[in-house]
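To start, the structure itself, in structure tokens.
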């Protein structure tokens, strides 16, 4: 019985996570249930996620004075070098500023749409900051697929090959 309750709780939490970041109602009110993203029309949540992840990666990759940084792990006291651009400090800097200039490519730029995109970005960063830090920490590979397809499941697996 406990196992069934635990499984039910996990499944309901997963469904809740997907719904709480869903900004589709806001964009539907603006008449945008799909957005032009990467030269094709995609569901709003998918396009927003891909855009935010792309912007985060662009900011991280554009880090000036990227240098090796020593990090020490508390438990083992093991020293390791990681690139500054993928350090927790740099990732947090990017997450704090990435939503200021975020735009959906090839999309109308009315003030209502800009506000909705910025609001969705801020919600995305607030909600998934820990996940984003874990994905990017000392990891130089693109993470759009990991976040948008696997974690949030807002993009379908068929789009996986395109990422």
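Taken together, the values in this text are just the output of simple stated rules run on the coordinates, not laboratory data. This is a predicted model, so every value here is computed, not measured. Here the Cβ is made from the backbone with ideal geometry for all residues, glycine too, and neighbour counts use every protein chain on show.
Data for the structure
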{"quantity": "Gyration tensor (alpha-carbon) shape descriptor, the range 22-162, a/c threshold 1.5", "calculated": "prolate"}
{"quantity": "Packing-based ranking, highest mean first, of 49-59, 141-151 given that Cβ atoms within 10 Å are counted", "calculated": "49-59, 141-151"}
{"quantity": "Inter-site label distance for residue 63 and residue 77 at 7 Å from Cα along Cβ, in nm", "calculated": "2.7"}
{"quantity": "Extension gain (nm, one decimal) between residue 97 and residue 150, 0.36 nm per residue minus Cα-Cα", "calculated": "16.6 nm"}
{"quantity": "Residue 30-residue 84 FRET efficiency (beta carbon distance; Förster radius 35 Å; 0.05 resolution)", "calculated": "0.35"}
{"quantity": "Extension gain, residue 141 back to residue 115 (0.36 nm per residue minus Cα-Cα distance, nm)", "calculated": "6.3 nm"}
